[in-house]
Structure formats: C-alpha cells, structure tokens
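To start, the structure itself, in structure tokens.
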Amino acid sequence: MMTRPDALRERIHTLARQEYPMLEALYRDLHAHPELSGHEKATASRIGEELRRSGLTVHTGIGGHGVVGVLANGQGPTVMIRSDMDALPVTERTGLPYASTVSVSVETRAVKVGVMHACGHDLHMAIMVGAVRLLSALSDTWSGTLLAVGQPSEETGSGARAMVADGIFTRFPGPDYALALHVDPNIPAGKIGYRPGIISAGSTSLDVTVRGIGGHAAHPHQSIDPVVTAARTILALQTIVSREIDPREMAVLTVGAVHGGTKHNAIPDEVVLRVNIRYNSDATRDRMLASIGRMVRGIALSAGVPDDLMPLIRRPGDATPPMENDPVLTERVRSILISVLGEENVILIPQLTGSEDFSVFGNGTPRVPICYMRLGAADPRELEGSAKEGRDLPYLHSSRFAPPPDPTIRIGAIAMAAAVAGLLSR
Ligand code: ZN
Ligand code: ZN
C-alpha cells in the first residue's frame, strides 16, 4: 500500500504522541537505574523485553551485554538502528525526581562513586524502543528488515568492536545501512543536526609512566624527580598541536590525569600521566603518537634518567576511529527528515571533537554506509538565555545534564522511525 508523504507524516506524529507516555516512563526507569560500561545486565534485559514486546526476535549476550532485535517485514534491504546502553561514574546533581541514587565501588577509587546516565544513553534507548514501536505500527509502509541494536560499553570505546567480533554482521542479516543518533545539549530540542563526511574525531588514550629515582624532599640532588620531569612533559606535549600539526587539521591533546607521590616530603619513583588525543586522520594520529614518544623520551634524557628507567607508554583499551557519514545515505536521510520535521528543524552542524564507537560499525568489511545524527536536547529558551549570558548549559557527562524528555524522545523516535521507513519505503 502506498502512503503519501504528508499522510505518513500525520500518522507518525499521531502515533508518537500516543506512545510518548510509555516512552517517558521507560526513560525515567532507565535513568533511575544506570549501569556502568560492561555491567549493563538489567538494562539489556529490559531493552530485550521491550523489543520482544514490539514483535522482534531478540538475541542477547552479543559482545558482552549486547542485544540484537530482528524484525523481518518482507523483501528489501536491512537497516540497523543502534542505541548505546551504558552510564558513567558520575554522581548525579540534577535534582530531578527520578535522579539516580545508584553508587558502586570502582577499582581505581577508594570511595564509592555515583552512577548516572550523564551522556543521555537512557534517552537513546527510549528513542530506539519508540522507533521500533512506530515501525511495527507502520509496517504497511515499508518492506525489508529492521535490526535494532542495544550496544554495551560505548563509553569505554569497546562495545561496538566486541559486538562485531561476536558476529553481529554474520549471525544476523547484514545491514545495508546503519543509523544512530546522540542527544546534543548545544542544539534546541525539536531539531536534528546532520553532517555528511567526517562528523566526529578519532580517539586514542595513552598511559605514560614517567620514571625517576625517589628520595627525600630535602635531598633532591640525590634523586631524579619524576614530578618535575612529568610537569615539563605536560607542558611540552601542549606544543605538539600548536607547533607540529598543520593548523588546517583537527587535533586535540589532553592530559586528563596526573598520578604520583604520596606525601609532601618524599620524592616518588614514578608519575603516571593519562593522555588522550583526538584527530580526523590516521596520518595526524601517527604524527601525534610519534611526537609524544619523542618528547617523553627526550625530556627524560635531559633530566638524566638512566636508560633502564626510560618512560613507559602503554595504550589501555581500544582506540576509536574517526566517524565518517556516508554522503549519499546522509543526503537521503536528510530529505526524509525534512519531510517529517520541516526544513527549519534539520540543520547542518559543525564537526564534533568528541568520539563515538558507532564508527566501528561502519569501518568493517564490507563497509556499511552509516549515518550518525545529533538530536537537539536543550530547552530552546534556556539555550537562548545561556547564550545571552555567555555561559554553557550543562554538557554531556556533566552531573547536571538534564535534557527535557519531551520533545527530545518524541522527536528522536519520529526521526529514527521515519528514516528507516523512508529507506525501506514500499
Ligand atoms: Zn559519553
Ligand atoms: Zn554518549
């Protein structure tokens, strides 16, 4: 049966309004019960249950707590939609009635830390369930296969890779297209941001152990102080982006943590620096890694560190490749979104310096065309007010991140469902 574009728009908006109370309830429940990366057990089982209820065949335990739901609806291509499921070790300070009070013990910290959906993955899950429910109701308008994927461990950059390694592309219908969205507090709720080509950066983390010879604070001449060597290293690393990378290239280097020493009057044996770099190309990444290696070693040499105590550089966890949206797919999705949301609500956004391991789903063999979008998640009046005052609203990962659930969830579900129905249009 053919559905005219404005008839479909009417139907999808009406259905989304009907589904909304259930989706907000799901969101509140997920928000109140966050789980850290790799521990998304209850979350995954809830998402599996919701997908099953919407008529999907559900498979669990894919690459850890990953969930894959399949809805076969006749001949045609396969479209994958993905939501991440993990939360962050952040103590919530939003004051919301459904704020998380969950806290857990973390290996690296002495005290318990709070757990919070501070990156909005709770919204993404409610949106994915909403899109699936809309697509079930609209099954007469599309033909093909829908793959709804709940991904664990996005925040550690390892979940997508684990799902691919566990056969997401071989055990289930291989997707012809893959779509994802992420809430964005810099975009007014009700709007969607798109960008063809590179949309977010690649990311690599390094642990740099600067070593020296510890001793008494009053006898520095009898030691080689790794605190001073580390301090010089931190400042030197900041010249990599400013002096060594082509200014037209995107590059960021952050030393996010410095760990060393125990008390005022003792020089420690070592200091660990946790370094993170962001880039758009392998060439920039390789240049940055080579420069870090050279500087770290060179500064240790200049401090008189002996050969057997040269700094150690380790790469904990996985790197995330830059994310490149397929231009043809992105253009198709953009025109579908304009037909349901209106031209003024579909906006071109600048490239993001953040990273996202959804890129992994697009970089395999064969290459799956991906389209990753940003979903407005700020109260438009608050956003305008904060811009006037020259301050930012709480961003992703903030303990005060509190986006308005409506229209964020509703518009996200409409956008995702419309994109799938449009790509699989009868
Ligand atoms: Zn995040
Ligand atoms: Zn996120």
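Ignoring any ligand, DNA or RNA, what whole percent of the accessible area of region 5-91 comes from carbon and sulfur when the probe is 1.4 angstrom? Let's see the in-between values first.
Working: 1950 of 3700 Å².
Carbon with sulfur: 53 percent of the solvent-accessible area.
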- prompt: So what is the accessible area of region 45-124 per residue, in Å², with the probe set to 1.4 Å?
  reply: 43 Å²
message: Helix 226-239 against the longest principal axis of the chain: what's the angle in degrees, Cα atoms only, rounded to the nearest 10?
response: 50 degrees
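Please give the per residue accessible area of region 273-349, computed with a probe of 1.4 Å over protein heavy atoms only, in Å². Please report the intermediate quantities before stating the final value.
On the way: 3770 Å² over 77 residues.
Computed with neighbouring chains in place, this is 49 Å² per residue.
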statement: Each label sits 7 Å from Cα toward the beta-carbon; between residue 217 and residue 266 the label points are separated, in nm, by 1.2 nm
- prompt: Any idea how far apart residue 140 and residue 238 come out in nm if each label point goes 7 Å out from Cα toward Cβ?
  reply: 6.4 nm
- request: Would you mind computing the Rg to Rh ratio of the chain from its alpha-carbon coordinates, Kirkwood style for Rh?
  value: 1.03
Hits among lysines - C-alpha to C-alpha of residue 112 under 22 Å, sequence gap 8 or more where chains match: 41
- line: In nm, the gap between the two label points placed 7 Å beyond Cα toward Cβ at residue 11 and residue 349 is 2.9 nm
message: If you take every DSSP beta bridge fully contained in the chain, what fraction is antiparallel? Give it as a percent rounded to 5.
response: 65 percent
query: From the phi of every residue in region 170-185, what ³J(HN,Hα) in whole Hz does the Karplus formula 6.51 cos²θ - 1.76 cosθ + 1.60 yield, where θ is phi - 60° and glycine or proline is x?
result: 10, 7, 10, x, x, x, 7, 9, 10, 10, 8, 9, 9, 4, 9, x
- line: The set of residues whose placed amide H lies less than 5 Å from the amide H of residue 191, leaving out same-chain residues fewer than 5 positions away, is 376
- prompt: Does anyone have the angle between helix 5-32 and the longest principal axis of the chain? Alpha-carbon axes, 0 to 90°, nearest 10?
  reply: 50 degrees
- prompt: Given H placed on each backbone N at 1.01 Å, which residues far from residue 182 in sequence or on other chains put an amide H within less than 5 Å of it?
  reply: 373, 374, 375
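For a quick check of your reading of the filter: which GluC sites (Glu not before Pro) in region 1-110 sit in a DSSP loop and have no more than 16 other Cβ atoms within 10 Å? Intermediate results must be reported in sequence, preceding the final value.
Working: sites: 10, 19, 24, 35, 40, 49, 50, 92, 107; in loops: 35, 40, 92, 107.
Passing sites in region 1-110 are 107.
Any chance you could run the full-extension gain for residue 328 through residue 363? It's 0.36 nm times the residue separation minus the Cα-Cα distance, nm to one decimal. Mind dumping the intermediate values first?
Working: separation 35, 0.36 × 35 = 12.60 nm, distance 1.64 nm.
11.0 nm is the gain from fully extending residue 328 to residue 363.
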task: At a Cα cut-off below 25 Å, give the lysines reachable from residue 388, other chains included and same-chain residues fewer than 8 away excluded.
output: 191
Principal-axis tilt of helix 282-302 within the chain, Cα atoms, nearest 10 degrees: 20 degrees
statement: Once 355, 45, 105 are ranked on solvent-accessible area with the largest value leading and a 1.4 Å probe, the list reads 105, 45, 355
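Give me the percent relative contact order of region 202-314, please, defined on Cα pairs under 8 angstrom at least 6 residues apart.
On the way: 209 pairs, mean separation 45.2, N = 113.
For region 202-314, the relative contact order is 40 percent.
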field: Other-chain or far-sequence residues with amide H under 5 Å of residue 267's (modelled H)
entry: 215, 216, 217
Positive-end residue, region 202-314 charge dipole about Cα centroid, Cβ charges, pick of 251, 313, 216: 251
message: I want to verify a result. In a Gaussian network model of the chain, Cα cutoff 10 Å, which of these has the top mean-square fluctuation: 302, 386, 291?
response: 302
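Once the piece of chain linking residue 49 and residue 107 is laid out straight, how much longer is it, given 0.36 nm per residue of separation minus the C-alpha distance between them?
Details: separation 58, 0.36 × 58 = 20.88 nm, distance 3.12 nm.
Full-extension gain reported as 17.8 nm.
For a test of the definition: using alpha carbon positions, the gyration tensor, and the 1.5 limit on a/c, classify region 309-426 as rounded, prolate or oblate.
Values: a/c = 2.43, a/b = 1.13, b/c = 2.15.
In terms of gyration-tensor shape, oblate.
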Expected 222 nm ellipticity per residue - DSSP helices of 4 or more, -39500 (n - 2.57), all of the chain, to 500: -11500 deg cm²/dmol
statement: Note on the chain: contact order normalised by length, alpha-carbon pairs under 8 Å, 6 or more apart, percent, works out to 24 percent
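Given R₀ = 35 Å, FRET efficiency for residue 165-residue 388 by Cβ-Cβ distance, to 0.05? Show your work: numbers first, answer last.
On the way: r = 48 Å, r/R0 = 1.38.
The calculated FRET efficiency here is 0.15.
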query: How much solvent-accessible surface does residue 88 expose, in Å² to the nearest 10, with a 1.4 Å probe and all protein chains in place?
result: 20 Å²
message: Quick one: 3J(HN,Hα) in Hz for region 263-272, Karplus 6.51/-1.76/1.60 with θ = phi - 60°, rounded, Gly and Pro as x.
response: 8, 5, 10, 10, 8, x, 7, 7, 9, 9
message: I'd like to compare 247-254, 228-235: which one has the highest average count of other Cβ atoms within 10 Å, and what's the full order after that?
response: 228-235, 247-254
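The values are calculated or read from the model by the stated rules, or taken from the named source; none is laboratory data. Because the structure is a prediction, the values reported are computed rather than measured. Every residue, glycine as well, gets a Cβ built from its backbone with ideal geometry; the counts of neighbours run over all protein chains shown. For the accessible areas, the whole protein counts, side chains as well, though only heavy atoms, and no ligand, DNA or RNA atoms are used. Shrake-Rupley method; radii C 1.70, N 1.55, O 1.52, S 1.80 Å.
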